[in-house]
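Here is the structure we will look at.
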Amino acid sequence: MNTKKNTYRRALVVGQKNFAYFSLVDLAESCGVEIARLPYAMRILLEGCLRRQNQDGFSDAHLDALLKWNPESGSDRPPVPFLPARVLLQDFTGLPVLNDLTALRSTLRDEGKDPARVNPRLPVDLVIDHSVQVDAYGCPEARRINEQREFDQNAERYQFLKWSESAYSNLRVLPPGLGICHQVNLERLASVAFTERAGEGTLVYPDTVLGTDSHTPMINGLGVLGWGVGGIEALAAMLGYPGEFTLPDVIGLELKGALHPTATPTDLTLAITSRLRQLGVVGKFVEVFGDSYADLPVETRAMIANMSPESGATATYFPVDHQTLAYLRRTGRPGEHIEMVEAFFNAQGLFRKADSPVPEYSQVVTIVLDDIQPLLAGCHPAHGRAAGLQPRAGGAGWPVRFRAG
């Protein structure tokens, strides 16, 4: 079978702009594989291996492993490489990463070599959110006061960050006051379809991310595959070195029915997290589908995906669909970019529709939304029983009972 990537390079015209991409649909067809059988998350990993084929760390064997992914849990699967489209840092873990980069530059300079050779090869965003202290509150000037005290107390840190942003290409530092990094990632940074200049054209491919914040998986609610890593893994990715991991099980999370008016998305999220913890999903991907999928707005999807660290899953992935496009519009992304996202994901067989075939999963877990009840989390069993409540099985929480009078 022919797996040379240039065989599958295709043109995509959106409006007045021309793009290029590497076709998963054509690759799968030429290899006798039904692309629809693969979970969407596996298709995104497959695209990354095809696009980077013959680069360091990527080979035909990795393509073959992904094309032949076996959903059977516990099957012998080989390791595959992953290099994201971009890296997300928060200040507590991101600052040491920049220190390491600067130390590498100093070493090159001492050896009489060009220090500028050490530079991020991938786009990197560093969001300052963890270090800000709340000294002032309850007044209109609280935000300004807190931000100013942050700058005053950590002046050397901000001088170093300012120098880093000017010294390194591909690095952007977002100042304090914009919000929590994984929320900023969702609302501002994620593009869903990533573009880069390639020769005389523009290459488009799925947006993926590795982040040094444990709740980086929140971005999976927008259809962007990503998860949290340590500083060493982030630094390696920044320098263009792919990480390697064994192909995981992919658990299908099927959603049916509709939430009762008294139940909230938070109740749904807690129920899903509890169910996945009982199942055991550590080191696995979870991918969501089902009759209720199309009704979930991205805000709810992001809440569920954000709890991946609590369930143990590497990522809880929500494939791109019309809700993704609607969220991009609500958050002010350019209309021409949203049009490109839709065209690209449709062309790649990555856009989920109501009649899309259900992929093969290692295991399927079904959640009936009609059964979700309002929950109180964190109640001590003795206190709950004193109030006349019985805890839910599996520690899912305490059902709320409304008493007349």
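The values are calculated or read from the model by the stated rules, or taken from the named source; none is laboratory data. Quick caveat: nothing in here was measured; it's all calculated off a predicted structure. Here the Cβ is made from the backbone with ideal geometry for all residues, glycine too, and neighbour counts use every protein chain on show.
For segment 116-164, residues that are of a type in the set (S, T, N, Q) and within 30 Å of PRO84 (Cα to Cα) total 4. Here ALA326 clears all of (1) of a type in the set (A, V, I, L, M); (2) surrounded by fewer than 22 Cβ atoms within 10 Å (Cβ to Cβ); (3) not in a helix (DSSP H, G or I) except the condition numbered (3).
State which residue is farthest from LEU45 (Cα to Cα) when the search covers only segment 197-207 and only residues that are surrounded by fewer than 21 Cβ atoms within 10 Å (Cβ to Cβ) and in contact (Cβ under 8 Å) with a residue 12 or more places away in the chain. Full working, then the answer.
Start the filter on segment 197-207 by keeping residues that are surrounded by fewer than 21 Cβ atoms within 10 Å (Cβ to Cβ), which leaves 197-203.
Remaining after also requiring in contact (Cβ under 8 Å) with a residue 12 or more places away in the chain: 198, 201-203.
Details: ALA198: 20, GLY201: 23, THR202: 21, LEU203: 17 Å.
This residue is GLY201.
For LEU126, are the conditions met, namely being touching a residue at least 60 places away in the same chain (Cβ under 8 Å) and under 23 Å from ALA190 (Cβ atoms)? Criteria not met by LEU126. TYR317 - would you say it is aromatic (Phe, Trp, Tyr) and closer than 30 Å to GLY74 by Cβ? Criteria met by TYR317. So for segment 91-100 (the condition being under 20 Å from GLY240 (Cβ atoms), in a strand (DSSP E or B) and among the hydrophobic types (A, V, I, L, M, F, W, C)), does at least one residue qualify? Scanning segment 91-100 turns up no residue that is under 20 Å from GLY240 (Cβ atoms), in a strand (DSSP E or B) and among the hydrophobic types (A, V, I, L, M, F, W, C).
Across segment 208-248, which residue is nearest to HIS62 (Cα to Cα) among those that are of a type in the set (S, T, N, Q) and surrounded by 24 or more Cβ atoms within 10 Å (Cβ to Cβ)? Outline the logic, then answer.
Taking segment 208-248 and keeping what is of a type in the set (S, T, N, Q), we get 208, 212, 214, 216, 220, 246.
Now drop any that are not surrounded by 24 or more Cβ atoms within 10 Å (Cβ to Cβ), which leaves 212, 216, 220.
Values: THR212: 26, THR216: 25, ASN220: 23 Å.
Top of the filtered list is ASN220.
Out of curiosity, is THR7 surrounded by 14 or more Cβ atoms within 10 Å (Cβ to Cβ), β-branched (Val, Ile, Thr), modelled with pLDDT under 95 and farther than 18 Å from PRO242 by Cα? Against the criterion (surrounded by 14 or more Cβ atoms within 10 Å (Cβ to Cβ), β-branched (Val, Ile, Thr), modelled with pLDDT under 95 and farther than 18 Å from PRO242 by Cα), THR7 does not qualify.
Could you go through segment 76-93 and let me know if any residue there is among the basic types (Lys, Arg) and either touching a residue at least 40 places away in the same chain (Cβ under 8 Å) or in contact with a strand residue (DSSP E or B) (Cβ under 6 Å, 6 or more places away or on another chain) (or both). First the steps, then the outcome.
Going through segment 76-93, the residues among the basic types (Lys, Arg) turn out to be 77, 86.
Retained after the next criterion (residues that are either touching a residue at least 40 places away in the same chain (Cβ under 8 Å) or in contact with a strand residue (DSSP E or B) (Cβ under 6 Å, 6 or more places away or on another chain) (or both)): 77, 86.
For segment 76-93, residues among the basic types (Lys, Arg) and either touching a residue at least 40 places away in the same chain (Cβ under 8 Å) or in contact with a strand residue (DSSP E or B) (Cβ under 6 Å, 6 or more places away or on another chain) (or both): present.
Condition first: in contact with a Phe, Trp or Tyr (Cβ under 7 Å, 6 or more places away or on another chain), among the hydrophobic types (A, V, I, L, M, F, W, C) and either surrounded by fewer than 17 Cβ atoms within 10 Å (Cβ to Cβ) or assigned to a loop (DSSP other than H, G, I, E, B) (or both). Can you find one or more residues in segment 152-172 that meet it? No, segment 152-172 has no match at all.
Filtered by the rule that a residue be modelled with pLDDT of 95 or more and either out of contact with any Asp or Glu (no Cβ under 7 Å at 6 or more places or on another chain) or not basic (Lys, Arg) (or both), segment 283-295 gives PHE285, VAL286, GLU287, VAL288, PHE289, GLY290, ASP291, SER292, TYR293, ALA294, ASP295.
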